[in-house]
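Take a look at the structure set out below.
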Amino acid sequence: MNHTRSGSYADALRLAEQTGTTPDINAVRHPGTVKYGTGINFEQEIVRDVGVFMRLGWNDGKTQDFAFTAIDRLASGGVSVRGTRWKRKSDVAATSFTAGGISGVHALYLARGGLDFLIGDGRLNYAPEYLWESYYSARLFGGFFVTFDLQHVGNPAYNHDRGPVWIESIRLHVEFGVKPWQTK
């Protein structure tokens, strides 16, 4: 439960209807707004160096989003494998699938032209967002890792008229204070 200075999507829609304007969540913000949410995470090693995970998340979907992403519902699962099997014990290969969604009032707010902190263009044709991601993280030498990542996003930003999108990335990770001959 978060107590914030934020607005509700329903209030923004009501104000827009009364004034003949585009819904604006920031116009209806007030202190003490409560946003409810919950999540559960399950992780399990199924055999040595192979693990699975599952995550479920939900929030009320009525109140302005302001955290890491615009999402009201989430189901995710995946598997990861340590590189011990191919003699690279610090490497990890993983893949996961996520299905995400937003509430009806949140979708209506976006469809009518409202913007949240990440998405909105006034042309929302709502559909759940589906994300498949796979990566390989390699330890090149003590404290220095490179990760190659590939994502496929179906219905990006919950819009059936957008995508699919392929996203490739490379991430460099440096750990200071690790001696080059140390391993994890």
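Bear in mind these aren't lab numbers, they're just calculated from the coordinates by the rules spelled out. Worth saying up front: this structure is predicted, and the values here are computed from it rather than measured. Here the Cβ positions follow ideal geometry from the backbone for every residue, glycine too, while neighbour counts run over all protein chains shown.
Annotations for the structure displayed:
- Taking label points 7 Å from Cα along the Cα-to-Cβ direction, ALA75 and PHE176 give a separation of 4.4 nm.
- Were the residues from THR21 through GLU45 laid out at 0.36 nm apart, the gain over their Cα-Cα distance would be 3.3 nm.
- Straight-distance crosslink candidates among aspartates and glutamates, where the alpha carbon sits under 16 Å from LYS87 and sequence neighbours closer than 8 are dropped: ASP49
- Gain in span if fully extended, TRP132 to PHE117, counting 0.36 nm per residue against the direct Cα distance: 3.1 nm
- The distance between label points at ARG14 and HIS30 comes to 0.9 nm (points 7 Å beyond Cα on the Cα→Cβ vector).
- Given (i) 44, 31, 30; (ii) 52, 29, 27; (iii) 67, 35, 29, the label whose value is Cα extents along the principal axes in Å derived from this model: (iii)
- Cut-off 13 Å between beta-carbons: net charge of the residues surrounding ILE25, Lys and Arg +1, Asp and Glu -1: +2
- Among LYS89, LYS62, the ranking by other beta carbons within 10 Å of each residue's beta carbon, starting with the fewest, stands as LYS89, LYS62.
- Other residues whose C-beta falls under 9 angstrom from the C-beta of VAL52 contribute a net charge of -2, scoring Lys and Arg +1 and Asp and Glu -1.
- Spin-label pair ASP161/HIS3, simplified geometry with 7 Å Cα→Cβ offset, distance in nm: 4.2
- For the options TYR109, TYR130, TYR36, a Gaussian network treatment of the chain with springs between C-alpha atoms closer than 10 Å singles out TYR36 as fluctuating the most.
- Electrostatic dipole magnitude of the chain [Cβ: Lys, Arg +1; Asp, Glu -1; Cα centre; debye, to 20]: 720
- Which of LYS87, LYS35 has the fewest Cβ neighbours within 10 Å, and the rest in rising order: LYS87, LYS35
- Highest average packing first - 51-59, 167-175, 95-103, Cβ atoms within 10 Å: 95-103, 51-59, 167-175
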